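Student: Before anything else, here's the structure in question.
The values are calculated or read from the model by the stated rules, or taken from the named source; none is laboratory data. Since the model is a prediction, treat every value here as computed from it, not as a measurement. Neighbour counts are summed over all protein chains in view; Cβ atoms, including those assigned to glycine, are modelled from backbone coordinates with ideal geometry. To get the accessible areas, we keep the full protein, side chains included, count just its heavy atoms, and leave off ligands, DNA and RNA. Shrake-Rupley method; radii C 1.70, N 1.55, O 1.52, S 1.80 Å.
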Amino acid sequence: MSQAASTLSEASPSNRLALAALILGGAAIGGSPIFVRLSEVGPMATAFWRVALALIPIFIVSLMKKNAGPKPQSLADYGMLILPGLVLSLDLAAWHLSLTMTSVANATLLANLAPVFVTMIAFVFFRARTSGVFLLGLVLALAGVVILKGGPAAIGNGDLAGDGIAMIAAFFYACYILAIGRLRSRFDTIRIMLWSTASAAVFIFPIALIHEGHMLPASLYGWSLLFGLALISHAGGQVAITYALAYLPPAFSSLTLLLQPVVAAILAWALLNEAIGSIQALGGAIVLAGIMVARRG
């Protein structure tokens with residue numbers, strides 16, 4: 001990778017803390033499919049409440065924080081702060097839509113192709129160097145996700161259009177990671193999260209309203225699921241990832257997020273009584289091995 005990649009091998013406290021934040025962030029986001037599946041409103045409305053409710057703690061923290069770092073100085077700065085929210089809203093809309101069109105296994109698997117897109121975009125547009133060891137780790141981790149989701153045979157159970165939309169979601173999430181990574185060299189975590197989360201809510205609201213219409217859950221249980229998704233997966237997970245991107249390369253960071261399907265499988269086993277067989281356990285182990293190999297690259 002770029003010069004930032006070499007910092008992964010350094011044992012500085014900042015890098016260790018960033019790696020821990022990245023892993024915890026990926027784990028927090030890994031629980032999002034459970035919240036989406038149990039939600040009382042449609043997938044688009046769920047995506048809107050995910051970012052809208054997350055604004056509450058993010059806004060409170062921004063008010064309490066005395067030193068929020070540099071402020072945007074131009075229209076270009078404001079545009080760059082809004083851009084992650086735009087691509088995140090497109091990512092959430094595409095992924096949630098794919099969940100209704102193709103198999104859950106396909107949607108989750110193909111949406112996790114984001115590290116491939118991150119690596120390709122970083123190489124083509126930013127001339128980021130990629131080592132053979134990192135690529136080996138990437139291939140291993142992706143193979144682990146395929147095994148975790150039931151092997152190559154499971155891919156044939158989906159819908160072609162839904163599969164394509166899931167891949168579009170992966171592309172938009174890659175753009176989100178890269179945009180956040182570029183912003184972290186200039187702006188504070190909370191400032192980035194406030195602008196990107198608010199803009200994501202603004203962009204996704206009309207999509208949810210037009211596509212589904214029904215926006216409000218029917219019970220306190222339904223609201224608790226939405227607050228859990230917002231506070232854990234977004235306000236917790238995305239903030240942790242945004243913090244980590246100041247210290248870790250975007251390509252490695254996106255690869256570490258392949259922990260999400262592993263966490264989702266564990267939570268589905270614990271909360272939804274979905275069995276984890278030896279094949280799924282092997283896939284999870286290969287994902288972890290691939291991430292460790294990539295870290296050395």
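Student: Using only DSSP helix segments of four residues or longer, with each worth -39500 (n - 2.57), what per-residue ellipticity at 222 nm results for the chain after dividing by its residue count and rounding to 500?
Tutor: Dividing the helical sum by the residues of the chain leaves -24000 deg cm²/dmol.
Student: Looking at the square roots a ≥ b ≥ c of the eigenvalues of the Cα gyration tensor of segment 221-291, which shape do they give, rounded for a/c under 1.5, prolate if a/b is larger than b/c, or oblate? Display every interim value, and only then the final one.
Tutor: Numbers: a/c = 4.57, a/b = 1.04, b/c = 4.39.
Oblate is the answer for segment 221-291, as a/c is 1.5 or above yet b/c matches or exceeds a/b.
Student: Eigenvalues of the Cα gyration tensor times 5, then square-rooted: what semi-axes does that give for segment 165-254, in whole angstrom, largest first?
Tutor: Semi-axes, largest first: 27, 16, 13 Å.
Student: With springs only between Cα atoms under 10 Å, which of Gly236, Gly164, Gly144 fluctuates most in a Gaussian network model of the chain?
Tutor: Gly164
Student: Taking only protein heavy atoms into account and a 1.4 Å probe, give the accessible area per residue of the chain in Å².
Tutor: Accessible area per residue, the chain: 44 Å².
Student: Assuming R0 = 41 Å, can you tell me the calculated FRET efficiency for the pair His214 and Val133, based on Cβ-Cβ distance, to the nearest 0.05?
Tutor: Efficiency computed from Cβ-Cβ geometry: 0.25.
Student: Under unit Cβ charges (Lys, Arg +1; Asp, Glu -1), what dipole magnitude, rounded to 20 debye, does the chain have relative to its Cα centre?
Tutor: Dipole magnitude for the chain comes out near 920 debye.
Student: The chain: D in µm²/s via Stokes-Einstein (Kirkwood Rh, Cα pairs, 37 °C, 0.692 mPa s)?
Tutor: Details: Rh = 19.2 Å.
The Stokes-Einstein estimate is 171 µm²/s.
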